[in-house]
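Values quoted throughout were computed directly from the atomic coordinates according to the rules given, and no laboratory measurement underlies them. All of these numbers come straight from a predicted model, not from anything done at the bench. All Cβ positions, glycine included, derive from the backbone under ideal geometry; neighbour counts span all protein chains shown.
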Amino acid sequence: MKQCFGYVRVSTQKQGEGVSLEAQRDAILRFAGRNDITVIRWFEEQQTAAKSGRPVFDAMLKDLRAGKAAGVVMHKIDRSARNFFDWARIGDLADRGIDVHFATESFDFRSRGGRLTANIQMAVAEDYVRNLRSEIKKGQRGLLERGYYPFSAPIGYSNNGKGELKTIDPISGPLVRQAFELYASGQYSLHSLRHELARRGLRGASGGPLSKGCLERFLANPFYTGTIRIRRAGEVYAGGHEPLIDAELFERVALVRSGKSGKKVTRHNHLFRGLFACGSCGRAMIPERQKGHVYYRCHVPACPRNCIREEPLDSAVRQVLQAVRLCDESITAIDQLAKKWSRAGARSYDAKTASMRLAKVNERIEKLEDAAIEQIIDKATFMARKEKLLLEKTAIEQETADQDRFGRDMDAIGRFLELLKNLVVHYDYADPMGKREIIEIGTSNRSVMAKNVSVEPANWLVRAEEAVAGLSCADARTTSRIWRLSKHSEQRIQELAALARSSEVERLHQRFMDGYKNAAGTRLHDRIDRNAL
Ligand SMILES: [Zn+2]
């Protein structure tokens, strides 16, 4: 009885041959039984034969050459070797006098005719594999070029069969989109994102959170933007499927992935969130906390690395809020001018005379109407006279109304000046919400370009600055003995009165009053009082 090795191999490529290791082994054992052979050792290989690297095969050849068995029984030619290099090594065994048997073939490998038949079969088998591979590739490439993805769908999409486009899965699709959005926010690490996604319902096959590797792979897969990438081949195709996310979000995720590995990111409501724009693209600068500092960064990949710390933003805002420089002296001066303006209006006004004048006008109107009824005057005369009297009446009523307004405006200007003077103090002591409101009301065109912060005063603040600058202390002094203000100063005061009544200033004043009510406000009050001294 001859002692031989048994060699079996299954390939990992699914080719529908259905010859399991067990089936091959059975065939070899039957052959051995018929041919008086004992299988003394099995060599089992689970690998594709398209590559020549086969460790078990190599070990077996070594043992055969070393004479540890009389020969080898293999299942089939195409199971023994699928490339000519391995085939040549089998031929070499036979040439050395080692028996080579194929359990399912009837030829004698040692004879010249048998060897030729085997060689031809090998050539055909090799060609078959080569053709199969190229056909698969051709088919796949054809599908890819038409936008189809001939592999199983990535998480978030559904498989609809080979020749169909992948469609967004109604359940996992939106969750995948959220995964990109959450990660792009910079507030999640891969680890915390896995758990957050599991909480929302995006889980791995085991029902637990996705593995970190899986999450990393899908966050890097451009399939979600509509692009098919075959990494191995280094090829990219335009997919026909509906994208889940846009390219911009994908890029932002890539940026977070590359730039933030290992850095701790915490959730925080940052003071200037959404208030400053990137100077180059106009999008909001996004806050993040790092090593105890808050940074604002533009997350648009096309922008140069636009990033700034919180402190310069704060000082730029404070500088603008101080734009209207008001010393106590100028407040007093403007106050005096406002009083003068108010009194100038009041001078010609006397409440008693006004009501007497009004009564007189009303009386004359009555008489005129009587005369018209008794036909003492004609219609044309009546109309002309009545019109004149009505105008007079309106003028007197207007004077009275103006007088009330002068008083209100005086108060408003006083409050407004006080507000302008303490705007920065107020800002410093305000709570974060108050600060944000002051920034929104008091400034405009906030942007960051490289390390340059650009903040402009709001329109009303610019106008206030101009009005205050126009009212010099000198003007207050020179006009102190004259009743009437210069036309110039009167216009400035009117401008201040209009600003003092504007909705922006009303809102700021409300903030200012609220400030008094809380603890910080108490300190603010103290400080304002000290400033006033
Ligand atoms: Zn930008």
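Estimated purely from DSSP H runs of n ≥ 4, each contributing -39500 (n - 2.57), the mean residue ellipticity at 222 nm for the chain is -18000 deg cm²/dmol once divided by its residues.
The residues packed around Gly274, meaning those with a beta-carbon under 11 Å from its beta-carbon, carry a net charge of +3 if Lys and Arg are +1 and Asp and Glu are -1.
Toward the positive end of the charge dipole of the chain, with +1 on the Cβ of Lys and Arg and -1 on the Cβ of Asp and Glu, the farthest Cα among Val72, Leu423, His488 is that of Val72.
Here the average projected area of the convex hull drawn through the C-alpha atoms of the stretch 100-141 stands at 3.3 nm².
Could you list the GluC sites (Glu not before Pro) in the stretch 230-260 that lie in coil according to DSSP, counting only those with at most 16 other Cβ atoms within 10 Å of their Cβ?
On the way: sites: Glu235, Glu248, Glu251; in loops: none.
Those that pass, being in a loop and sparsely packed, number zero.
Of the GluC sites (Glu not before Pro) found in the stretch 330-439, the ones in coil according to DSSP and having at most 15 other Cβ atoms within 10 Å of their Cβ are Glu374. Taking a Cβ cut-off of under 10 Å around Phe223, the surrounding Lys, Arg, Asp and Glu residues balance to a net charge of +2, with basic ones at +1 and acidic ones at -1.
Take every pair of alpha-carbon atoms less than 8 Å apart whose residues are at least six positions apart; their mean separation over the length of the chain yields a relative contact order of 9 percent. For the residue pairs Lys212/Lys291; Lys360/Lys388; Lys352/Lys393, the C-alpha atoms sit more than 22 angstrom apart in Lys212/Lys291. Placing unit charges on each Cβ (+1 for Lys and Arg, -1 for Asp and Glu) gives the chain a dipole about its Cα centre, and among Ile120, Pro301, Ile136 the Cα reaching farthest toward its positive end belongs to Ile120.
Sorting 275-284, 107-116, 121-130, 421-430 by their mean Cβ neighbour count within 10 Å, with the most densely packed peptide first, gives 421-430, 275-284, 121-130, 107-116.
When the Kirkwood hydrodynamic radius is evaluated over all pairs of different C-alpha atoms of the chain, what value in angstrom, to one decimal, is obtained?
Values: mean 1/r = 0.0301 Å⁻¹.
Final number for the Kirkwood radius of the chain is 33.3 Å.
Entry for the stretch 317-397 at q = 0.14 Å⁻¹: log10 I(q)/I(0) = -0.66, Debye formula applied to identical alpha-carbon scatterers, no solvent contribution. Give me the net charge for the shell around Glu45: Cβ to Cβ below 9 angstrom, other residues only, Lys and Arg +1, Asp and Glu -1. Within the 9 Å Cβ shell, the charges total +1. Expressed as a fraction of 2.2 N^0.38 Å, the value expected for a compact globular protein of N residues, the C-alpha radius of gyration of the stretch 331-467 is 1.82.
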